[in-house]
1. In this structure, is residue 66 in contact with a helix residue (DSSP H, G or I) (Cβ under 8 Å, 6 or more places away or on another chain) and either on the phi < 0 side of the Ramachandran plot or in a helix (DSSP H, G or I) (or both)?
2. Of the residues 93, 60, 99, only one is free of Cβ contacts under 8 Å to residues at least 40 places away in the same chain and either closer than 30 Å to residue 3 by Cβ or surrounded by fewer than 10 Cβ atoms within 10 Å (Cβ to Cβ) (or both); which?
3. Could you grab me the full set of residues in region 23-55 that are without any contact (Cβ under 8 Å) to a residue 24 or more places away in the chain and within 20 Å of the chain's Cα centre (by Cα)?
4. Is it the case, given these coordinates, that residue 20 is in a helix (DSSP H, G or I), surrounded by 13 or more Cβ atoms within 10 Å (Cβ to Cβ) and under 26 Å from the mean Cα position of the chain (by Cα)?
């Protein structure tokens, strides 16, 4: 299943809330339908609460994933810089030699 982005949830929730507000405003000017339109508006408001929770959860997950990607890229860059130093080249050569000896056994 493809995950839905947090911004999509945000737009859906915003549209529902806006539609709910419009219905409640219309209910002010149409007295015979006041109860029905207000009730539908309140139900839509209630439906927007879970959407807000889902949006916050998805946003947090996206931030965690972004942070992990940045951390991995930073670690790789640090490793590249370290491998270009004298100590890094020495340790890299020792590590390669150990791997060769281990494969020979």
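1. no
2. Result of the check over 93, 60, 99: 60.
3. Narrowing region 23-55 to residues without any contact (Cβ under 8 Å) to a residue 24 or more places away in the chain: 23-43, 46, 49-50, 53.
49, 50, 53 - these are the residues of region 23-55 that are without any contact (Cβ under 8 Å) to a residue 24 or more places away in the chain and within 20 Å of the chain's Cα centre (by Cα).
4. no
FYI, it's all coordinate maths here, none of it is from the lab. The shown structure was predicted, so the numbers you read here are calculated from the model rather than taken from an experiment. Don't worry about glycine lacking a Cβ; one is built from the backbone with ideal geometry, like all the others, and counts go over all protein chains shown.
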